[in-house]
Amino acid sequence: MMDERGETAYRLAKELQVSQSTVANWTGGISIPQKLCIKELAEHYGIERAELEAACERQRRDQANATGT
């Protein structure tokens, strides 16, 4: 979604008051946002919270499949 909006990790991190490394971990599939951040992310992007949670879950599954864990 960041790419679609031409948004940088720095800008999103500032908006959500998290570190750039946190955003990098989310986008790299290393971690997923906590519930409060999911709510804020959904509001930021104008999507339903459930839609974002489902996307995070898909990312977690894809990452687990890719690493064999």
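The values are calculated or read from the model by the stated rules, or taken from the named source; none is laboratory data. Please read all numbers here as calculations on a predicted model, not as lab measurements. Neighbour counts are summed over all protein chains in view; Cβ atoms, including those assigned to glycine, are modelled from backbone coordinates with ideal geometry. What goes into the accessible areas is simple: the full protein's heavy atoms, side chains included, and nothing from ligands, DNA or RNA. Shrake-Rupley method; radii C 1.70, N 1.55, O 1.52, S 1.80 Å.
The table for this structure:
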read-out: The range 1-48, accessible surface, carbon-and-sulfur percent (1.4 angstrom probe); value: 47 percent
read-out: Residues with amide H under 5 Å from that of SER31, placed H, sequence gap 5 or more; value: TRP26
read-out: Accessible area of the chain divided out per residue, in Å², using a probe of 1.4 angstrom; value: 70 Å²
read-out: Net charge contributed by nearby residues that have their C-beta within less than 15 Å of VAL23 (K/R +1, D/E -1); value: -1
read-out: Cα Rg over Rh - the chain, Kirkwood; value: 0.96
read-out: Structure-based [θ]222 nm, the chain - -39500 (n - 2.57) summed over DSSP H runs of at least 4, per residue, nearest 500; value: -21500 deg cm²/dmol
